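Each remark here refers to the structure printed beneath this line.
The values are calculated or read from the model by the stated rules, or taken from the named source; none is laboratory data. No experiment lies behind these values; they were computed from the predicted model shown. Don't worry about glycine lacking a Cβ; one is built from the backbone with ideal geometry, like all the others, and counts go over all protein chains shown.
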């Protein structure tokens, strides 16, 4: 039934209501819940675009509603036919629908790291910290270039690397 709604086929509201109350959406059909709840989505997007859109919005703790459905459908028209969740995240972030990730709470507090006991310890700490930072930045660059992480993940990762470096 969810596939029929996704395709824009007519389904009586009573059937939709019954389906919403009886269906557990913790399965492969999580995409169906906003489709059932937001009539403006019905038939507006192919499943290949709807599924990653719903996934990104859910993971970003954003809801798809009648108020934002038209905008989301329009933006998904800019996506290729079978976009990945990373591509959808990047698109929605670039268009201002998604905000940057906030820093984790632990990074909002100052931490006393103490003093090095000698010049050697200072140089060693700096050398090891520089190597760790450079490796993590290289790994982030590679993951981004491979399309494995979104721009939001990439930017947060860079911030964390710089803050961890001290």
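Of all the residues in the range 68-89, those that are assigned to a loop (DSSP other than H, G, I, E, B) and out of contact with any helix residue (DSSP H, G or I) (no Cβ under 8 Å at 6 or more places or on another chain) number 2. If residue 98 satisfies every condition in (1) modelled with pLDDT of 95 or more; (2) outside any helix (DSSP H, G or I); (3) surrounded by fewer than 17 Cβ atoms within 10 Å (Cβ to Cβ) but one, which is the exception? Only one criterion in (1) modelled with pLDDT of 95 or more; (2) outside any helix (DSSP H, G or I); (3) surrounded by fewer than 17 Cβ atoms within 10 Å (Cβ to Cβ) is unmet by residue 98, namely (3).
Quick check on residue 77: is it free of Cβ contacts under 8 Å to residues at least 60 places away in the same chain and on the phi > 0 side of the Ramachandran plot? Against the criterion (free of Cβ contacts under 8 Å to residues at least 60 places away in the same chain and on the phi > 0 side of the Ramachandran plot), residue 77 does not qualify. Test residue 75 against the stated conditions and say whether it is within 24 Å of residue 154 (Cβ to Cβ), at pLDDT 85 or above, surrounded by 15 or more Cβ atoms within 10 Å (Cβ to Cβ) and not assigned by TED's automatic domain parsing to the domain that holds residue 156. Yes. Checked against (1) surrounded by 11 or more Cβ atoms within 10 Å (Cβ to Cβ); (2) over 30 Å from residue 87 (Cα atoms), residue 134 passes all but condition (2).
Can residue 84 be described as in contact (Cβ under 8 Å) with a residue 40 or more places away in the chain and within 22 Å of residue 147 (Cβ to Cβ)? Yes, satisfied. Within the range 4-27, does at least one residue satisfy the condition of being in contact with a helix residue (DSSP H, G or I) (Cβ under 6 Å, 6 or more places away or on another chain), part of a helix (DSSP H, G or I), within 27 Å of residue 147 (Cα to Cα) and at pLDDT below 95? No, the range 4-27 has no match at all. I need the full set of residues from the range 47-67 which are touching a residue at least 12 places away in the same chain (Cβ under 8 Å), under 19 Å from residue 100 (Cα atoms) and in a loop (DSSP other than H, G, I, E, B), in order please. Scanning the range 47-67 gives 60, 62, 63, 64.
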